[in-house]
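Just below is one structure, and these are the notes that go with it.
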Amino acid sequence: MTHDEQPIIVIEDDHIIRDMLKSMIEQWGMRVHFIMDESAAVDTIKSLKTPHIIILDWILRGISGIEICKAVREVPDKIPHYIIFLTGKSLMNDIKEGLESGADDYISKPFDQEELKARVQVGLRMIRLQHETIERERLQGVLEMAATICHEINQPLMGISGLSELVLQDAKGNKKIIENIKKIKDQADRLGQITGKLMNITRYETRKYLKRNMIDIDKASGKGSVTNNGG
(Lines give C-alpha, C1' and ligand atoms only; values in the text may rest on other atoms or scores of the structure.)
Protein backbone atom coordinates (compact mmCIF):
# COMPACT_ATOMS: atom_id res chain seq x y z
CA MET A 1 0.00 0.00 0.00
CA THR A 2 1.43 3.39 -1.00
CA HIS A 3 1.33 6.44 1.25
CA ASP A 4 -1.38 7.95 -0.95
CA GLU A 5 -3.56 4.88 -0.32
CA GLN A 6 -3.28 5.01 3.47
CA PRO A 7 -6.50 6.05 5.22
CA ILE A 8 -6.59 9.56 6.62
CA ILE A 9 -6.80 9.41 10.40
CA VAL A 10 -9.40 11.73 11.94
CA ILE A 11 -9.70 12.51 15.66
CA GLU A 12 -12.83 14.62 16.10
CA ASP A 13 -15.52 14.31 18.79
CA ASP A 14 -18.25 16.28 16.98
CA HIS A 15 -20.34 13.76 15.03
CA ILE A 16 -21.58 16.41 12.57
CA ILE A 17 -18.03 17.39 11.62
CA ARG A 18 -17.06 13.70 11.47
CA ASP A 19 -19.85 13.08 8.97
CA MET A 20 -18.76 16.09 6.91
CA LEU A 21 -15.14 14.92 6.87
CA LYS A 22 -16.12 11.38 5.94
CA SER A 23 -18.18 12.62 3.01
CA MET A 24 -15.43 15.00 1.82
CA ILE A 25 -12.55 12.55 2.10
CA GLU A 26 -14.44 9.77 0.34
CA GLN A 27 -15.37 12.20 -2.45
CA TRP A 28 -11.64 12.78 -2.95
CA GLY A 29 -11.24 9.05 -3.54
CA MET A 30 -9.48 8.51 -0.22
CA ARG A 31 -10.28 6.36 2.78
CA VAL A 32 -10.87 7.64 6.29
CA HIS A 33 -10.40 6.05 9.70
CA PHE A 34 -11.85 7.64 12.83
CA ILE A 35 -10.28 7.25 16.26
CA MET A 36 -13.33 7.47 18.49
CA ASP A 37 -11.62 6.96 21.85
CA GLU A 38 -9.56 10.11 22.32
CA SER A 39 -7.91 8.70 25.46
CA ALA A 40 -6.45 5.86 23.37
CA ALA A 41 -5.51 8.09 20.43
CA VAL A 42 -1.81 8.35 21.29
CA ASP A 43 -1.35 4.59 21.64
CA THR A 44 -3.32 3.98 18.45
CA ILE A 45 -1.18 6.43 16.47
CA LYS A 46 2.05 5.07 17.93
CA SER A 47 1.05 1.58 16.79
CA LEU A 48 0.82 2.65 13.13
CA LYS A 49 3.64 1.18 11.06
CA THR A 50 3.61 3.79 8.30
CA PRO A 51 3.16 7.59 8.22
CA HIS A 52 -0.39 8.90 7.90
CA ILE A 53 -2.17 12.19 7.46
CA ILE A 54 -3.83 12.95 10.80
CA ILE A 55 -6.62 15.52 11.07
CA LEU A 56 -6.73 16.39 14.76
CA ASP A 57 -9.33 18.48 16.57
CA TRP A 58 -7.83 20.92 19.05
CA ILE A 59 -10.48 20.60 21.77
CA LEU A 60 -11.54 17.07 22.72
CA ARG A 61 -13.17 15.44 25.72
CA GLY A 62 -10.69 14.51 28.44
CA ILE A 63 -7.55 15.31 26.44
CA SER A 64 -6.55 18.16 24.17
CA GLY A 65 -5.26 17.90 20.64
CA ILE A 66 -2.14 19.69 21.86
CA GLU A 67 -1.44 16.88 24.35
CA ILE A 68 -1.97 14.22 21.69
CA CYS A 69 0.30 16.02 19.25
CA LYS A 70 3.12 16.43 21.78
CA ALA A 71 2.88 12.78 22.86
CA VAL A 72 2.98 11.54 19.26
CA ARG A 73 6.05 13.67 18.50
CA GLU A 74 7.91 12.14 21.44
CA VAL A 75 8.29 8.96 19.38
CA PRO A 76 11.04 9.30 16.75
CA ASP A 77 9.92 8.13 13.30
CA LYS A 78 11.94 7.89 10.11
CA ILE A 79 8.99 9.50 8.37
CA PRO A 80 6.70 11.26 10.87
CA HIS A 81 2.95 11.51 10.59
CA TYR A 82 1.66 14.72 9.03
CA ILE A 83 -0.64 16.37 11.57
CA ILE A 84 -3.22 18.99 10.59
CA PHE A 85 -4.99 20.78 13.44
CA LEU A 86 -8.69 21.41 12.97
CA THR A 87 -9.54 24.32 15.23
CA GLY A 88 -11.91 27.16 15.95
CA LYS A 89 -8.96 29.13 17.31
CA SER A 90 -7.56 31.75 14.99
CA LEU A 91 -5.41 34.02 17.18
CA MET A 92 -1.74 34.09 16.24
CA ASN A 93 -0.67 32.88 19.70
CA ASP A 94 -2.98 29.87 19.39
CA ILE A 95 -1.65 29.03 15.94
CA LYS A 96 1.91 29.36 17.25
CA GLU A 97 1.13 27.05 20.17
CA GLY A 98 -0.35 24.44 17.85
CA LEU A 99 2.61 24.45 15.48
CA GLU A 100 5.11 24.41 18.35
CA SER A 101 3.38 21.34 19.80
CA GLY A 102 4.41 19.46 16.66
CA ALA A 103 1.58 20.06 14.19
CA ASP A 104 2.56 20.50 10.55
CA ASP A 105 -0.42 22.60 9.54
CA TYR A 106 -3.76 23.88 10.74
CA ILE A 107 -7.12 24.84 9.30
CA SER A 108 -9.74 26.96 11.04
CA LYS A 109 -13.39 26.06 11.50
CA PRO A 110 -15.58 26.52 9.60
CA PHE A 111 -13.30 25.11 6.92
CA ASP A 112 -13.50 25.10 3.16
CA GLN A 113 -13.50 21.68 1.51
CA GLU A 114 -11.05 22.65 -1.24
CA GLU A 115 -8.67 24.27 1.24
CA LEU A 116 -8.65 21.16 3.42
CA LYS A 117 -8.10 18.97 0.36
CA ALA A 118 -5.15 21.14 -0.70
CA ARG A 119 -3.59 20.90 2.76
CA VAL A 120 -4.04 17.12 2.80
CA GLN A 121 -2.37 16.89 -0.60
CA VAL A 122 0.55 18.95 0.69
CA GLY A 123 0.88 16.47 3.56
CA LEU A 124 0.86 13.50 1.19
CA ARG A 125 3.49 15.19 -0.94
CA MET A 126 5.69 15.82 2.11
CA ILE A 127 5.44 12.18 3.21
CA ARG A 128 6.23 11.02 -0.33
CA LEU A 129 9.28 13.31 -0.59
CA GLN A 130 10.62 12.11 2.76
CA HIS A 131 10.14 8.52 1.65
CA GLU A 132 12.03 9.22 -1.59
CA THR A 133 14.85 10.84 0.38
CA ILE A 134 15.20 7.74 2.56
CA GLU A 135 15.20 5.52 -0.54
CA ARG A 136 17.96 7.64 -2.09
CA GLU A 137 20.02 7.33 1.08
CA ARG A 138 19.44 3.57 1.07
CA LEU A 139 20.53 3.38 -2.55
CA GLN A 140 23.66 5.36 -1.72
CA GLY A 141 24.46 2.79 0.96
CA VAL A 142 23.96 0.00 -1.57
CA LEU A 143 26.24 1.73 -4.08
CA GLU A 144 28.99 2.24 -1.52
CA MET A 145 28.74 -1.38 -0.39
CA ALA A 146 28.78 -2.57 -4.00
CA ALA A 147 31.91 -0.55 -4.76
CA THR A 148 33.67 -2.01 -1.72
CA ILE A 149 32.66 -5.58 -2.57
CA CYS A 150 33.73 -5.17 -6.19
CA HIS A 151 37.12 -3.83 -5.18
CA GLU A 152 37.72 -6.72 -2.78
CA ILE A 153 36.52 -9.38 -5.26
CA ASN A 154 38.22 -8.03 -8.38
CA GLN A 155 41.71 -8.36 -6.94
CA PRO A 156 41.62 -12.17 -6.44
CA LEU A 157 39.60 -12.54 -9.66
CA MET A 158 42.43 -11.00 -11.64
CA GLY A 159 44.80 -13.44 -9.98
CA ILE A 160 42.57 -16.43 -10.78
CA SER A 161 42.20 -15.36 -14.40
CA GLY A 162 45.93 -14.78 -14.84
CA LEU A 163 46.89 -18.08 -13.21
CA SER A 164 44.31 -19.91 -15.32
CA GLU A 165 45.97 -18.60 -18.47
CA LEU A 166 49.37 -19.78 -17.24
CA VAL A 167 48.07 -23.25 -16.37
CA LEU A 168 46.39 -23.53 -19.79
CA GLN A 169 49.71 -22.77 -21.46
CA ASP A 170 51.41 -25.51 -19.43
CA ALA A 171 48.65 -28.09 -19.95
CA LYS A 172 50.03 -29.00 -23.41
CA GLY A 173 47.25 -31.18 -24.71
CA ASN A 174 45.99 -32.59 -21.41
CA LYS A 175 42.30 -32.37 -22.27
CA LYS A 176 41.04 -33.02 -18.74
CA ILE A 177 43.16 -30.28 -17.19
CA ILE A 178 42.31 -27.88 -20.02
CA GLU A 179 38.60 -28.58 -19.60
CA ASN A 180 38.72 -28.01 -15.82
CA ILE A 181 40.81 -24.85 -16.10
CA LYS A 182 38.41 -23.45 -18.70
CA LYS A 183 35.54 -24.08 -16.28
CA ILE A 184 37.43 -22.23 -13.57
CA LYS A 185 38.11 -19.35 -15.95
CA ASP A 186 34.45 -19.27 -17.07
CA GLN A 187 33.33 -18.98 -13.45
CA ALA A 188 35.88 -16.23 -12.81
CA ASP A 189 34.58 -14.39 -15.89
CA ARG A 190 31.03 -14.81 -14.59
CA LEU A 191 32.03 -13.29 -11.27
CA GLY A 192 33.58 -10.45 -13.23
CA GLN A 193 30.25 -9.85 -14.97
CA ILE A 194 28.48 -9.77 -11.60
CA THR A 195 30.92 -7.25 -10.13
CA GLY A 196 30.48 -5.18 -13.29
CA LYS A 197 26.74 -5.10 -12.68
CA LEU A 198 27.25 -4.17 -9.05
CA MET A 199 29.36 -1.22 -10.14
CA ASN A 200 26.55 -0.08 -12.46
CA ILE A 201 23.68 -0.18 -9.96
CA THR A 202 21.61 2.96 -10.44
CA ARG A 203 18.40 2.12 -8.59
CA TYR A 204 17.13 -0.02 -5.74
CA GLU A 205 15.19 -3.04 -7.03
CA THR A 206 14.55 -6.28 -5.19
CA ARG A 207 13.27 -9.75 -5.96
CA LYS A 208 12.01 -12.60 -3.80
CA TYR A 209 14.44 -15.42 -3.02
CA LEU A 210 13.74 -18.04 -0.36
CA LYS A 211 11.13 -15.81 1.30
CA ARG A 212 13.55 -12.87 1.45
CA ASN A 213 13.98 -9.70 -0.57
CA MET A 214 17.28 -9.56 -2.44
CA ILE A 215 18.67 -6.81 -4.63
CA ASP A 216 17.99 -7.67 -8.26
CA ILE A 217 21.31 -6.61 -9.74
CA ASP A 218 20.14 -7.28 -13.32
CA LYS A 219 17.31 -4.73 -13.06
CA ALA A 220 19.19 -2.41 -10.73
CA SER A 221 22.16 -2.15 -13.11
CA GLY A 222 20.16 -2.17 -16.34
CA LYS A 223 22.19 -5.17 -17.54
CA GLY A 224 21.00 -8.50 -18.88
CA SER A 225 21.00 -11.72 -16.89
CA VAL A 226 24.28 -13.43 -16.13
CA THR A 227 24.64 -16.64 -18.10
CA ASN A 228 26.17 -19.56 -16.26
CA ASN A 229 28.47 -21.19 -18.79
CA GLY A 230 30.18 -23.34 -16.24
CA GLY A 231 27.36 -25.87 -15.76
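The values are calculated or read from the model by the stated rules, or taken from the named source; none is laboratory data. These figures come from a predicted structure and were not determined experimentally. Neighbour counts run over all protein chains shown; Cβ positions are idealised from the backbone, glycine included.
If a residue has to be touching a strand residue (DSSP E or B) at 6+ places or on another chain (Cβ under 7 Å) and either polar (S, T, N, Q) or in a helix (DSSP H, G or I) (or both) to count, how many in region 1-36 make the cut?
Of the residues in region 1-36, 5 are touching a strand residue (DSSP E or B) at 6+ places or on another chain (Cβ under 7 Å) and either polar (S, T, N, Q) or in a helix (DSSP H, G or I) (or both).
Out of the residues in region 38-66 that are among the charged types (D, E, K, R) and more than 28 Å from the chain's Cα centre (by Cα), state the one that is modelled with the highest pLDDT.
Initial filter on region 38-66 (among the charged types (D, E, K, R)): 38, 43, 46, 49, 57, 61.
Checking the rest, the ones that are also more than 28 Å from the chain's Cα centre (by Cα) come to 38, 57, 61.
Values: 38: 83, 57: 93, 61: 83.
By that ranking, first place goes to 57.
Identify all residues within region 106-118 that are modelled with pLDDT of 90 or more and out of contact with any Gly (no Cβ under 8 Å at 6 or more places or on another chain); write none if there are none.
107, 112, 113, 114, 115, 116, 117, 118
Can you tell which of 171, 103, 147 is small (Gly, Ala, Ser), surrounded by 15 or more Cβ atoms within 10 Å (Cβ to Cβ) and at pLDDT below 85?
171
Please work out which one of (1) more than 25 Å from the chain's Cα centre (by Cα); (2) outside the structural domain of residue 33 (by TED's automatic domain parsing) is the condition residue 121 fails and give its number.
Every listed condition holds for residue 121 apart from (1).
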